[in-house]
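**Q** Quick one: this structure, given as structure tokens, is what I'll be asking you about.
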Amino acid sequence: MSMNSTTFRGRKFNFERNGDFWAGIRDINGWEPETFNVLEQFLAPGKTLLDIGAWNGICSLYAASLGAKSYAVEPDATAYAELVENIALNCPFSVFPVKGAVAAFDGKTPLYNFDKFGNSMSSTQLARGASYDVDCCRLETLFGNTPFDLIKMDIESAELTVVPDALKFMAERNKPLYLAVHPY
């Protein structure tokens, strides 16, 4: 593969895969503009994002372009490989990939995808299509002692179990949660 690049909101991003996504993101009203508005509102140099459901890393990479540090959590092995690749191509020292799922328990859970793994629609809750087991843990287990300034969570309906489980953890830290909800 050969490296390509695109400019989005005045920042350059390098990539090797999913050219259609990266081409579409150039438009300020393209992919989830409200998400980037929230990142701009809460993140700056010295701030930290917990990117739960990082997919290809676009939110974590954008946070890094704002000067923030990010922990990018992704359970889908295909998406995780692309995430790691995109981190290496863009900002290897401020985005930390974490392979696994955030869940309401520690252990293993099935990860499903109705189309193909590697897209943004893998879910531990929506039992459809192919599946395989992934490691998972509670938000508190994974980030109990990690200081952060914003949680972005987009985990394809798993929010229904993760958020209630993590309420005490989040309330004790009193930090904002940006929740992208995808109902059944």
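**Q** Holding the Cα-Cα limit at 22 Å, pick out from Lys47/Lys116; Lys108/Lys175; Lys12/Lys69; Lys47/Lys108; Lys69/Lys116 the pairs that are longer than that.
**A** In this structure, Lys47/Lys116; Lys108/Lys175; Lys47/Lys108; Lys69/Lys116 exceed 22 Å between Cα atoms.
**Q** Over the alpha-carbon set of segment 66-184, work out the extent along each principal axis and list the three values in angstrom, largest first.
**A** Largest first, segment 66-184 extends 37, 36, 24 Å along its Cα principal axes.
**Q** Hey, another quick one. Would you mind getting the accessible area per residue of the chain, heavy atoms of the protein chains only, 1.4 Å probe, in Å²?
**A** Value returned for the chain: 46 Å² of accessible area per residue.
**Q** Is the shape of segment 71-128 rounded, prolate or oblate, going by the alpha carbon gyration tensor and its root eigenvalues a ≥ b ≥ c, with a/c under 1.5 for rounded and a/b larger than b/c for prolate?
**A** oblate
**Q** Full extension from Arg9 to Phe96: what is 0.36 nm times the residue separation minus their Cα-Cα distance, to one decimal in nm?
**A** Extra length available between Arg9 and Phe96 comes to 29.1 nm.
**Q** Given segment 31-73, what whole percent of its Cα pairs are spread farther than 17 Å?
**A** In whole percent, the share of Cα-Cα pairs in segment 31-73 beyond 17 Å is 18.
**Q** Given a 1.4 angstrom probe, I'd like the percentage of the accessible area of the chain that is carbon and sulfur, rounded to a whole number.
**A** Within the chain, the accessible surface is 53 percent carbon and sulfur.
**Q** Could you work out the relative contact order of segment 33-139? I mean the mean sequence separation of Cα pairs under 8 Å and 6+ apart, divided by the number of residues, in percent.
**A** Across segment 33-139, relative contact order equals 23 percent.
**Q** Over segment 1-117, with a single point scatterer placed on each C-alpha, what log10 of the ratio I(q)/I(0) does the Debye formula yield at q = 0.13, 0.15 1/Å?
**A** Ignoring solvent entirely, the Cα scatterers give -0.50, -0.67.
**Q** May I pose another question? So how do Asp51, Asp106 rank on accessible area, 1.4 Å probe, biggest first, that is with the largest at the start?
**A** Asp106, Asp51
**Q** Do you know the relative contact order of the chain, to the nearest whole percent, from alpha carbon pairs under 8 angstrom that are 6+ apart?
**A** Relative contact order here is 18 percent.
**Q** Let me ask another. Counting just the Cα atoms, what span does segment 1-70 cover along each of its three principal axes? Round to the nearest Å and put the largest first.
**A** Taking max minus min along each principal axis of the Cα atoms, segment 1-70 gives 33, 24, 22 Å.
**Q** Shifting gears a bit: What FRET efficiency comes out for the pair Ala81/Leu167, r = Cβ-Cβ distance, R0 = 30 Å, nearest 0.05?
**A** Efficiency at R0 = 30 Å is approximately 0.40.
The values are calculated or read from the model by the stated rules, or taken from the named source; none is laboratory data. Note that this is a predicted model, so its numbers are computed, not measured. FYI the Cβ positions are ideal-geometry reconstructions off the backbone, even for glycines, and counts take in every protein chain you see. For the accessible areas, the whole protein counts, side chains as well, though only heavy atoms, and no ligand, DNA or RNA atoms are used. Shrake-Rupley method; radii C 1.70, N 1.55, O 1.52, S 1.80 Å.
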